[in-house]
Amino acid sequence: MKKSLLVFSILSIIFMVGCWDMIEINHRIFPYTVGLDIDKEENVEDRLLVTFSYPNINALGKDPISEDKVFLVSGRADNIFEATHNLSNRVQEPIDLKHLKVLSISSEVASNEKLVRRILDGLNRDFVINKMVHLLVVKDSTKELLETKLDLVRQETIEGALYSLLRNEQHSTRFTSKTLSDFIEDMDIQGASHMPVGYAPDDEIIISGAGIFKNYKLIGYLNETENRDLALLNQEVIEDGLDINYKGINLSILVTSTKSKKRLVKKQDEFKILFSIEIEGHIHEYILDNDINIDTEERFKSMEKAMAKSVKPSLEKTIKKLQKEFNADVIGVSGYLNRFHPKVWKQLEEEWDSIFPQLDIDVEVDVNIRRRGLTI
């Protein structure tokens, strides 16, 4: 009995090993970037030109047999998934979207609310695509952007230039990364969100500024300075540099920490939202002069006040632009009221679109210089 059971177990293990429908990794195409443009050749409403960018594994390793490190293939379809099937007669292996890193959409696509909703709905429903895929809006053609060649071999072959930039390990405040899940969450909570903006001047990929979306539609742009203000208001600044003219001398501070808090301030029947911004950092550069030093608390306080005074007007200007020009609550006021002041939000919710542009929003900025470096 024991021998029969042992033989049965061994045979079961033998027949259970392996997958009958397994496809080797080198027999699949894994795009790391997908670009979406409006197809202008076919006279069909909302028809897309879908471009896949994927690495050529034959160009990897010590003895590559191909010089082309990146392949691009484009197809016309109503959605990304249809494009993968339509391209089956033009590529040697099946297209697998499991490792998709970046979805870039043209401004023309992004300005079509219905189309954006369809695209993101498909990505969100699919059980294969990673919901942490990075989003990028391109002012011109995404296909032309993906055709840009860089000299950075590792970026081209392994991760893709766009993904390497959008991970933002350099802690840039000139743009703010946005994933698929974050974008949809923003829309669910506050009805507005933003994406970083990409373009390719002179064969170089640059990501700068933000595309502002309301109800899944692109309605305008912020430049890189305004994006820094937005990042400060949303507490998304990890590291940055601030420069001002302090008493005729350039004062540079390296920001190492920021905090942003919202507060509802009530006054009789009126109220306002107060943003309290706390900035910490250390002096990066001032001037080497025996007659000028920063060894007194009074000088420190004076520098901190001057820095705070220079930051506040820019924040106020960006808030006004979001209110008056875009009417897009990408600074999370509605989410804050809904979470911490539900009774107030219940009174404002139905008329929020007309209330937000007129809402009194004030900003307080507090700068703390923690260190002055090695030179006094």
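Quick notes
- On full extension, the segment bounded by Asp203 and Ser9 gains 63.7 nm, given 0.36 nm per residue less the C-alpha separation.
- Label-point gap, in nm, between His341 and Asn43 - each point 7 angstrom along Cα→Cβ: 5.5 nm
- Where the chain is the region considered: accessible area per residue in Å², 1.4 Å probe: 57 Å²
- Anchor Lys266: lysines whose Cα lies under 29 Å away (excluding residues fewer than 8 positions away in-chain): Lys214, Lys305, Lys309, Lys312, Lys317, Lys320, Lys321, Lys324, Lys343, Lys346
- Overall shape: oblate for region 152-264, with the ratio a/c of the largest to smallest alpha carbon gyration tensor axis at 1.5 or above and b/c at least equal to a/b.
- Of the residues Lys324, Lys261, Lys346, the one that moves most in a GNM of the chain with alpha-carbon contacts below 10 Å is Lys346.
- Percent RCO, i.e. relative contact order, over region 146-286, from Cα pairs under 8 Å lying at least 6 residues apart: 17 percent
- Nearby aspartates and glutamates by direct alpha-carbon distance to Lys143 (threshold 16 angstrom, same-chain neighbours under 8 apart not counted): Asp37, Asp39, Glu41, Glu108, Glu156, Asp202, Asp203, Glu204
- On full extension, the segment bounded by Lys247 and Glu297 gains 16.3 nm, given 0.36 nm per residue less the C-alpha separation.
- Extension gain, Asn89-Lys217: 0.36 nm per intervening residue step, less the Cα-Cα distance, totals 42.7 nm.
- Region 243-282: equivalent-ellipsoid semi-axes (sqrt of 5 x gyration tensor eigenvalues, Cα, Å): 33, 14, 5
- Per residue, the average separation of C-alpha pairs within less than 8 Å and at least 6 apart gives the chain a relative contact order of 12 percent.
- Average 1/r across all pairs of distinct alpha carbons in region 317-375, invert it, and you get the Kirkwood radius: 13.6 Å.
- Here each label is just a point 7 Å from Cα along the line to Cβ, and for Arg370 and Arg76 those points are 5.8 nm apart.
- The 1.4 Å probe gives accessible areas that order Val265, Val133, Val44, largest first, as Val44, Val265, Val133.
- Packing-based ranking, highest mean first, of 232-240, 349-357 given that Cβ atoms within 10 Å are counted: 232-240, 349-357
- Take Glu204: with every protein chain present and a 1.4 Å probe, its accessible area is about 100 Å².
- Cα convex hull of region 262-376, projected area averaged across orientations, nm²: 9.4 nm²
- Helical segments meeting 20 Å axial Cα length and Kyte-Doolittle 1.0 threshold in the chain (DSSP H): 2-16
- Net charge in the neighbourhood of Lys320 (other residues with Cβ under 15 Å of its Cβ; Lys, Arg +1, Asp, Glu -1) is -2.
- Counting only Cα atoms, the chain measures 85, 64, 57 Å along its principal axes, largest extent leading.
- Relative contact order %, region 160-239, counting alpha carbon pairs below 8 Å whose residues are six or more apart: 30 percent
- Ile277 contributes about 0 Å² of solvent-accessible surface, heavy atoms of the protein only, 1.4 Å probe.
The values are calculated or read from the model by the stated rules, or taken from the named source; none is laboratory data. Keep in mind that this is a model prediction, so the values were computed, not measured. Cβ coordinates were reconstructed from backbone atoms using ideal geometry, including for glycine residues, and neighbour counts include every protein chain displayed. These accessible areas exclude ligands, DNA and RNA; they are computed on the full protein's heavy atoms, side chains included. Shrake-Rupley method; radii C 1.70, N 1.55, O 1.52, S 1.80 Å.
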